[in-house]
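First up is the structure itself, then whatever we jot down about it.
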Number of protein chains: 2
Amino acid sequence: MWDVLKRPDIPTCLRICAGTDGSITLLLELLTGKAVKVVTLDQRVVKATSDMAELLEIEPGDDVNSRLVTLSANGTVYVLAKSLAAIKRMPQAVRDDLMRADIPIGRILREHKLETRRDILNMQIIRSEFFGELPVISREYRIIHQNNILMWINECFPIDDRWNI
Amino acid sequence: MWDVLKRPDIPTCLRICAGTDGSITLLLELLTGKAVKVVTLDQRVVKATSDMAELLEIEPGDDVNSRLVTLSANGTVYVLAKSLAAIKRMPQAVRDDLMRADIPIGRILREHKLETRRDILNMQIIRSEFFGELPVISREYRIIHQNNILMWINECFPIDDRWNI
């Protein structure tokens, strides 16, 4: 799946954001020198469908926090991020922050001192309705905490010259 | 401490490597498009001095794996990294990999699926004997696992035009 990042039309800044195992928000802040703004397009608690239950390895019907946000800096949107979080596996304080929205997930995990790992599941180039005609790099990964899946995240990065930062 | 990274003479690629909370080796590979080579300059097991014990929050005399490596890509050295690891806190398999040397720490943690967090302690611009006359960004951080300090790491990044990648 890493071959996606080797394509010559992928700008360097996009390659490192889509490839890192660290916080995207932090990287975007380091790249742009600006604060990253999280805009929540949708945030709700839903009962897990069978698809969601499979992604999170929970039971269908369990509570899931579903969130759709954009990350932007200096007025430019760099990432569209969809996340599903298994509510029952989250410490209460983390839960509250996640639902308060507009706080980047990396910062939430850092502030609550959670020990985690990130398992990247796949990376591909697709079209996404949100970015219209632009191709996007879409990657899926899981954040693991105490050997359980805490969150499933899908990030879409538009491929164009906005990454010539 | 983040102000160090805002200095105008810090190249962007250096800023993101010195600022990331993810794996430096992975970032260097994404930036250069080359495999990163770890060269071990020194690796030994020592009894903790009182300074080491304080850094790792262990007892003086406890076993510590001390390692000094360079990370390079395409023949250029980008990082000098010194690490101290509390041997008693490491799962046996991790211990073996760490002593076999020449494997980047980020990859060791990832392959053994360790859940961790990184706490950055400080970041400053200093001189380092290894890089001669060049100023370097020096940062110290701890890798935390199961609420204990697994490793203390000091990375030095030379400030010059090698980062115009």
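Divide by every residue of chain A the summed helix terms, -39500 (n - 2.57) for each DSSP H run of at least 4, and state the resulting mean residue ellipticity at 222 nm, rounded to the nearest 500 deg cm²/dmol.
Rounded to the nearest 500, it is -6500 deg cm²/dmol.
Taking the label point 7 Å from Cα in the Cβ direction, how far apart in nm is residue A:75 from each other copy of itself, listed shortest first?
When each copy's label point is compared with this one, the spacings are 4.5 nm.
Considering only chain B, pick the residue with its Cβ nearest the axis of the rotation onto chain A, and state the distance in whole Å.
B:22, 1
Taking a probe of 1.4 Å, how large is the accessible area per residue of chain B, in Å²?
45 Å²
Plugging the Kirkwood radius over Cα pairs into Stokes-Einstein for the stretch B:92-165, at a temperature of 20 °C and a viscosity of 1.002 mPa s, what D comes out in µm²/s?
The calculation lands on 151 µm²/s.
How many Å³ per residue does the convex hull of the Cα positions in the stretch B:45-115 occupy?
Per-residue hull volume (Cα only) is 100 Å³.
Assign one of three labels to the protein assembly as shown, namely rounded, prolate or oblate, based on the Cα gyration tensor with a ≥ b ≥ c the square roots of its eigenvalues; rounded applies when a/c is under 1.5, prolate when it is not and a/b is larger than b/c, and oblate otherwise.
The shape class here is oblate.
What are the nm distances, shortest first, from residue B:134 to its equivalents in the other copies, labels at 7 Å along Cα→Cβ?
Taking the point 7 Å beyond Cα along Cα→Cβ, the inter-copy spacings are 3.5 nm.
Using a 1.4 Å probe on the protein chains only, how many percent of the accessible area of the protein assembly as shown belongs to carbon and sulfur?
Its accessible area is 47 percent carbon and sulfur atoms.
Just to confirm the numbers: residue B:44, label point 7 angstrom along the Cα-Cβ line, distances to the other copies in nm, shortest first?
Distances between equivalent label points, in nm: 6.4.
Can you compute the modelled spin-label distance between residue B:42 and residue A:34, with each label point 7 Å from Cα toward Cβ, in nm?
Going from the residue B:42 label point to the residue A:34 one covers 4.6 nm.
A 32 angstrom limit on the alpha carbon distance is what I want to check against. Which of B:34/B:113; B:6/B:113; A:37/B:88; A:82/B:88; A:6/A:113; B:6/B:47 exceed it?
In this structure, B:6/B:113; A:37/B:88; A:82/B:88; A:6/A:113; B:6/B:47 exceed 32 Å between Cα atoms.
With heavy atoms of protein chains only and a 1.4 Å probe, what residues of the stretch A:3-20 have at least 40 Å² less accessible area in the full set of chains than alone?
The answer is A:15, A:16.
How about the stretch A:76-118: which of its residues lose at least 20 Å² of accessible area in the presence of all protein chains relative to their chain isolated, using a 1.4 Å probe?
Listed by number, the residues meeting the 20 Å² cut-off are A:110, A:113, A:115, A:116, A:117.
Take the Cα of residue B:70, step 7 Å along the line toward its Cβ, and report every residue of the stretch B:17-38 whose backbone nitrogen sits under 13 Å from that point.
Residues passing the 13 Å test: B:37-38.
Can you put A:123, B:99 in order of accessible area, largest first, using a 1.4 Å probe?
Reading off the accessible areas and sorting them downward yields B:99, A:123.
Charges only on Cβ, +1 for Lys and Arg, -1 for Asp and Glu: so what's the dipole of the stretch A:105-164 about the Cα centre, in debye to the nearest 20?
340 debye
Hey, could you pull the Cα Rg and Dmax for the stretch B:2-163, both in Å?
15.4, 44
The values are calculated or read from the model by the stated rules, or taken from the named source; none is laboratory data. For clarity, every value in this text was computed on a predicted model and none was experimentally measured. Methodologically, a virtual Cβ is constructed for each residue, glycine included, from the backbone with ideal geometry; neighbour enumeration extends over all protein chains shown. Remember, those area values only see protein heavy atoms, side chains included, never the ligands or the DNA or RNA. Shrake-Rupley method; radii C 1.70, N 1.55, O 1.52, S 1.80 Å.
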